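Undergrad: Below is the structure I would like to discuss, written out as structure tokens.
Rule-based calculations on the coordinates, nothing more; no lab input. In this text, all values refer to a predicted model and were calculated from it rather than measured experimentally. So basically every Cβ, Gly included, is an ideal-geometry build from the backbone, and we count neighbours across all protein chains shown.
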């Protein structure tokens, strides 16, 4: 944790400022161990492994803790970096472009292994704060600690330990794994200052009936109950099918002419895009879809109510790869 992070932090219980207690252990610019004290309700929060810890899985709801535990395990295994992450991120955030990040204070709600933090910082953000409930924060910290403007915090997206000072906040593929996705979205938006912007990307209900009708029951009743390491290996079989299909069929067809032949196939838009990734990334995607105890698939109408609920302005909602929804809007005072 870098000392400049303090100006963004707040007690998740009462939203008062937090202060660094004397006697912290330093490693260069990083505060590796110490204590944060709430100036209001007097709660204490540890700094461990260079990360301020505002949440403990033993103290959160059972369903939320179970989800965080398996995703934390996931991001400690799939630590790879792919040069296509930038293109992927912009697809989820559209219409946002790299220049949009310049000179902004940015919040990533559910940062996982930290791959989006690195991109936001490279695109010119003043400071980027990633919050995640899971142990993935350790992976994210290790990957980003050399960057002066990247900060990683362990906390609950529904009780964010930050002040409402952000120019831009986004959450991608995280809200739909909460017991109440809209609660997480409102919490995220509440940390954006008036005139700032928020983005969210969620699974779509439309075009995903084969998942909600077949994969979801399998996930709920079987795969999410497996030991993550066992599921890791089990997922290699469907990954092999996916990998061969994308590399031998969808990929070649997507590169022919205007790519319309590939898009006409089953799940054509999405699988054509996945054909650009290698085995490791496709393996992580299959595992990700099968490991979560909770996953919501939202209709466009449901997603639209999120934005009207916070009275967002200039909202853009788009269909992404014909299987998910992305939204972008401006936060106004009183939302």
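Undergrad: Could you check which residue among 59, 74, 135 shows the biggest mean-square fluctuation in a GNM of the chain with a 10 Å Cα cutoff?
TA: 59
Undergrad: Per DSSP helix of 4 or more residues, -39500 (n - 2.57); summed, then divided by the residues of the chain. What does that give at 222 nm, rounded to the nearest 500?
TA: My calculation for the chain gives -9500 deg cm²/dmol from helical runs alone.
Undergrad: To the nearest 10 degrees, how steeply does helix 279-291 sit against the main Cα axis of the chain, on a 0 to 90 scale?
TA: 80 degrees
Undergrad: If you compute Rg and Dmax of the Cα atoms in Å for the structure shown, which of [x] 18.4, 55; [y] 34.7, 123; [z] 19.8, 64 do you land on?
TA: For Rg and Dmax of the Cα atoms in Å, the calculated option is [z].
Undergrad: Okay, moving on. Could you tell me the calculated FRET efficiency between residue 37 and residue 190, based on Cβ-Cβ distance and R0 = 22 angstrom, to the nearest 0.05?
TA: That pair, residue 37 with residue 190, gives E of 0.40.
Undergrad: Using the number of other C-beta atoms within 10 angstrom as an exposure proxy, rank 1, 32 with the fewest first.
TA: Ordered by Cβ neighbours within 10 Å, fewest first: 32, 1.
Undergrad: With axes computed from alpha carbons, what is the tilt in degrees of helix 62-77 against the longest principal axis of the chain, rounded to the nearest 10 within 0 to 90?
TA: 70 degrees
Undergrad: Which order do 156, 37 fall in if you start with the one that has the fewest other Cβ atoms within 10 Å?
TA: 37, 156
Undergrad: At 7 Å along Cα-to-Cβ for each site, give me the label-to-label distance between residue 183 and residue 210 in nm.
TA: 3.4 nm
Undergrad: Hey, what did the stretch 188-273 get for relative contact order, percent, Cα under 8 Å, at least 6 apart?
TA: Computed value for the stretch 188-273: 14 percent relative contact order.
Undergrad: Further question: How much FRET efficiency would the formula 1/(1 + (r/R0)^6) give for residue 222 and residue 299, where r is the Cβ-Cβ distance and R0 is 35 Å, rounded to 0.05?
TA: 0.85
Undergrad: Next up: Of all beta bridges DSSP finds with both residues in the chain, what is the antiparallel percent, to the nearest 5?
TA: Percent antiparallel among DSSP bridges in the chain is about 60.
Undergrad: Could you tell me the calculated FRET efficiency between residue 17 and residue 256, based on Cβ-Cβ distance and R0 = 35 angstrom, to the nearest 0.05?
TA: 0.05
Undergrad: Based only on other Cβ atoms within 10 Å, what is the fewest-to-most ordering of 294, 118?
TA: Going from least to most buried by this count: 294, 118.
Undergrad: Just need the relative contact order of the stretch 1-54 here, percent rounded to a whole number, with Cα pairs under 8 Å and 6+ apart.
TA: 32 percent
Undergrad: So, one more: Tell me the label-point distance for the pair residue 56, residue 236, using the 7 Å Cα-to-Cβ offset, in nm and rounded to one decimal.
TA: So the two model labels end up 3.8 nm from each other.
Undergrad: Mind pulling the angle between the C-alpha long axis of helix 300-309 and the longest principal axis of the chain? Nearest 10 degrees, somewhere in 0 to 90.
TA: Helix 300-309 sits at roughly 20 degrees to that axis.
Undergrad: Relative contact order for the stretch 97-209 using alpha-carbon pairs under 8 Å, separation at least 6, rounded to a whole percent?
TA: Taking the mean separation of contacting Cα pairs over the length of the stretch 97-209, I get 24 percent.
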